[in-house]
Ligand SMILES: Nc1nc2c(c(=O)[nH]1)N[C@H]1C(S)=C(S)[C@@H](COP(=O)(O)OP(=O)(O)OC[C@H]3O[C@@H](n4cnc5c(=O)[nH]c(N)nc54)[C@H](O)[C@@H]3O)O[C@H]1N2
Ligand SMILES: Nc1nc2c(c(=O)[nH]1)N[C@H]1C(S)=C(S)[C@@H](COP(=O)(O)OP(=O)(O)OC[C@H]3O[C@@H](n4cnc5c(=O)[nH]c(N)nc54)[C@H](O)[C@@H]3O)O[C@H]1N2
Ligand code: SF4
Ligand SMILES: [Mo]
């Protein structure tokens with residue numbers, strides 16, 4: 001038995017808090033503080049603290065399950081793997097490789113995400129792969145690539161936050177979604193800096209702010225344009241910076257000038273004096289930052305919305321300079337790395353593009369295949385789910401629970417049920433796994449080694465600290481076994497470090513270059529920031545701060561985005577007069593597949609609710625706790641009322657962590673952003689009534 005404690009990182013969000021796991025004499029592990037990791041300095045939220053509860057055999061899968069006579073029944077690994085391989089092979093023979101779909105997750109380690117992408121392209125030969133990160137930060141990623149030529153969540157470490165002059169947090173409730181990170185923002189204020197929070201709700205995060213603006217959901221684009229208008233009108237543009245380091249200003253300026261403050265006030269509900277105050281706080285200090293999260297991003301105009309916030313940074317010279325910049329707070333544990341190494345529909349490892357001939361040639365060589373054998377880009381996550389049971393006949397799912405988390409979830413559930421064949425790898429019997437033909441029980445964080453890349457772009461090593469229970473195998477073993485059964489004997493190692501060594505080569509020369517990073521270094525250092533190209537003369541330094549000399553565009557200049565206000569895909573009308581927005585609570589994680597199995601977390605957040613303003617409640621005749629039906633064009637959800645003055649009277653909020661009658665995603669609108677293909681999770685029109 002192991003005795004010493006093992007340093008590692010939390011299995012949940014993108015903050016990737018450091019923790020150590022110490023074996024218990026009774027079996028299992030307990031979490032102990034790890035103050036040496038600078039991001040959380042030992043602090044953890046309740047989810048991280050209780051994460052070992054999900055390692056217990058009592059709540060997880062420990063045997064493969066195969067559907068027989070309509071029921072999922074225990075089976076041997078051989079039976080389960082043979083069944084998957086033969087079904088995938090049969091369907092590919094009958095309908096072609098694109099009849100096979102693959103869906104991954106931003107919680108998977110870099111090694112798993114890399115191997116899953118390679119498996120889809122090399123073993124299955126399908127173009128139909130995407131992942132849940134599409135539902136997460138894809139709009140910020142698209143806007144970052146468009147403006148800077150590179151997408152990395154934060155272009156600087158979080159430790160820079162306390163030393164800047166002002167931070168605008170747009171649609172982030174980090175007091176609940178990344179609690180230990182709140183410290184950086186309190187220190188900012190202690191140092192005399194200011195915090196502006198933009199959220200339709202007065203969240204725990206907004207309560208910390210010097211200025212809270214509460215726009216109507218889906219109007220952040222207009223809000224950013226209104227601020228830029230004032231920046232121009234008040235002569236606060238950094239002309240020299242704009243001339244030296246950017247392109248496209250004239251068009252962006254003209255667009256902003258069309259968004260008068262009074263017009264923006266009408267669209268957003270944020271008053272002109274508040275707009276002016278925000279501009280003053282943002283522009284007066286030497287340095288400032290804008291950070292976005294899912295509020296402005298999960299919109300059918302998310303890419304342009306983030307583009308408008310980047311425009312504000314560029315016009316004021318607040319990007320690519322010390323203590324200034326635009327950043328996105330990515331979400332999942334490996335939300336960053338998961339979008340760099342090839343499980344995304346259009347991507348090859350190293351953030352290379354699947355439609356770039358040079359990228360195809362490089363990766364094909366590492367993989368030992370003909371570049372022409374690699375399929376082209378496939379569909380985005382929602383489009384892929386929407387095609388299940390039509391031209392996609394079989395799905396292999398790893399690291400997501402779309403029955404709860406996908407938009408228009410009742411429809412997605414129908415599509416999943418109409419598949420010829422569904423295989424799910426998971427640690428628990430999630431709502432989606434329960435619909436599968438074969439379920440494979442896999443190892444998790446504390447039982448396996450692997451790397452993740454945090455929201456700072458910091459590559460981290462999670463270490464195996466405990467033996468897995470009998471009966472479970474790793475995702476890498478699953479892919480190895482399936483590849484072998486489908487006739488590919490080589491190239492799918494089960495050892496994470498072996499995969500990482502190949503990933504280093506595949507990423508070399510790409511945007512997300514990991515070639516200078518090794519497991520040894522990661523074990524010795526507190527992570528390494530990419531890009532980190534290998535060097536002949538010793539360890540490569542990595543890049544904590546991006547863009548200080550130039551942006552990653554061909555000419556080194558950042559690009560303004562030409563954007564203008566547009567309405568939500570669905571605006572309120574007589575039948576559906578209220579806006580619904582959705583999000584998270586501190587004690588539950590995502591679809592809840594893991595955290596709903598932890599007693600302490602369920603006690604803190606036992607179920608769904610509908611947050612609404614007392615004025616709306618009075619109109620409905622609803623009291624605290626009354627069951628409310630929320631009805632959209634796609635369905636009806638029921639949950640108790642939670643009445644608070646901390647939300648706009650024209651808006652209701654539901655968290656999305658639960659299945660069943662309170663499932664928020666029964667209601668949400670799958671209208672997609674034209675560039676990022678992000679669904680509009682953050683607004684749809686609903687009617688609210690007493691249930
Ligand atoms: N406890 C917990 N923590 C988590 C997660 C979890 O599920 N639970 N998930 C992780 C993941 S994957 C992610 S992506 C992050 C998400 O982290 P956040 O983005 O902080 O989380 P959300 O609650 O989805 O949305 C943030 C805020 O956006 C606001 N909002 C809604 N509509 C709008 C709008 O139109 N404009 C603006 N400006 N704001 C709006 C909501 O009121 C909400 O307070 O959290 C990570 N951390
Ligand atoms: N209405 C609404 N819907 C949303 C959002 C919103 O704000 N509002 N946010 C969206 C966002 S940002 C996100 S990121 C998605 C997330 O939603 P999901 O994609 O459903 O994410 P999780 O619930 O984390 O699901 C991960 C699954 O993988 C399993 N798992 C964990 N680790 C491993 C592993 O190593 N291997 C394998 N094979 N399985 C593993 C877990 O048990 C769980 O079942 O939800 C999106 N849906
Ligand atoms: S903030 Fe995120 S990484 Fe840190 S303990 Fe909580 S869930 Fe884990
Ligand atoms: Mo996310």
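Values in this text are rule-based calculations from the coordinates and carry no lab data. Remember, it's a predicted structure, so these values are computed and weren't measured experimentally. Reconstructed Cβ throughout: ideal geometry from the backbone, glycine too, with neighbour counts over all protein chains shown.
Sorted on the mean count of surrounding Cβ atoms within 10 Å across their residues, most packed first, peptides 65-76, 104-115, 449-460 read 104-115, 449-460, 65-76. Note: relative contact order over the chain, using C-alpha pairs below 8 Å and six or more positions apart, is 19 percent. Summary of the geometry: the range 144-182 and the range 1-50, compared by the centres of their Cα atoms, lie 24 Å apart. What distance in nm separates the two pseudo spin-label positions at residue 263 and residue 689, each 7 Å out from Cα along the beta-carbon direction? Reported label-point gap for residue 263 and residue 689 is 3.9 nm. From the Kirkwood radius over Cα pairs of the range 6-55, Stokes-Einstein at 4 °C and 1.567 mPa s returns a whole-number translational diffusion coefficient of 119 µm²/s. The relative contact order of the range 578-690 comes to 37 percent, based on Cα pairs under 8 Å that sit 6 or more residues apart.
Gain on full extension, evaluated as 0.36 nm per residue between residue 24 and residue 619 minus their Cα-Cα distance, stands at 208.7 nm.
Over the Cα atoms of the range 243-380, each weighted equally, I'd like the Debye log10 I(q)/I(0) at q = 0.09, 0.10, 0.18 Å⁻¹, rounded to two decimals. Ignoring solvent entirely, the Cα scatterers give -0.43, -0.52, -1.14.
The peptide list 325-334, 206-215, put in order of mean Cβ contacts within 10 Å with the highest first, becomes 325-334, 206-215.
Here residue 485 and residue 41 are evaluated by their C-beta separation; at R0 = 45 Å the FRET efficiency comes out at 0.45. Its alpha carbons considered, the range 152-275 gives a radius of gyration followed by a Dmax of 15.7, 41 Å.
Does the range 578-690 classify as rounded, prolate or oblate by the C-alpha gyration tensor (a ≥ b ≥ c root eigenvalues; a/c under 1.5 gives rounded; else a/b over b/c gives prolate, otherwise oblate)? Oblate is the answer for the range 578-690, as a/c is 1.5 or above yet b/c matches or exceeds a/b. Comparing Cα centroids, the range 384-445 and the range 629-687 end up 22 angstrom apart.
Each principal axis of the range 476-548 carries a Cα extent, and these read 48, 25, 21 Å when sorted largest first. Residue ranges 671-678, 54-61 sort as 671-678, 54-61 when ordered by packing (mean number of other C-beta atoms within 10 Å per residue, highest first). Placing a label point 7 Å from the Cα of residue 383 along the Cα-to-Cβ direction, the residues of the range 330-364 whose backbone N falls under 11 Å from that point are 345-346.
As a ratio to 2.2 N^0.38 Å, the alpha-carbon radius of gyration computed for the chain takes the value 0.91.
Classification of the range 352-464 by its C-alpha gyration tensor yields an oblate form. The axis ratio a/c (a ≥ b ≥ c) is 1.5 or more, and b/c is at least a/b.
A full extension of the chain between residue 498 and residue 243 corresponds to an added length of 87.1 nm, given 0.36 nm per residue minus the alpha carbon distance.
Extension gain, residue 204 to residue 555: 0.36 nm times the residue separation minus the Cα-Cα distance gives 122.2 nm.
For the chain, adding -39500 (n - 2.57) for each run of n ≥ 4 DSSP H residues and dividing by the number of residues yields -8000 deg cm²/dmol at 222 nm. Projected label points at residue 627 and residue 32, each 7 Å from Cα along the beta carbon direction, are separated by 4.9 nanometres. Each of residue 232 and residue 94 was given a label point 7 Å from its Cα along the Cα-to-Cβ line. The distance between the two points is 5.9 nm. Contact order, relative form, for the range 150-328: 30 percent (alpha carbon pairs under 8 Å, 6 or more residues apart, mean separation divided by residue count).
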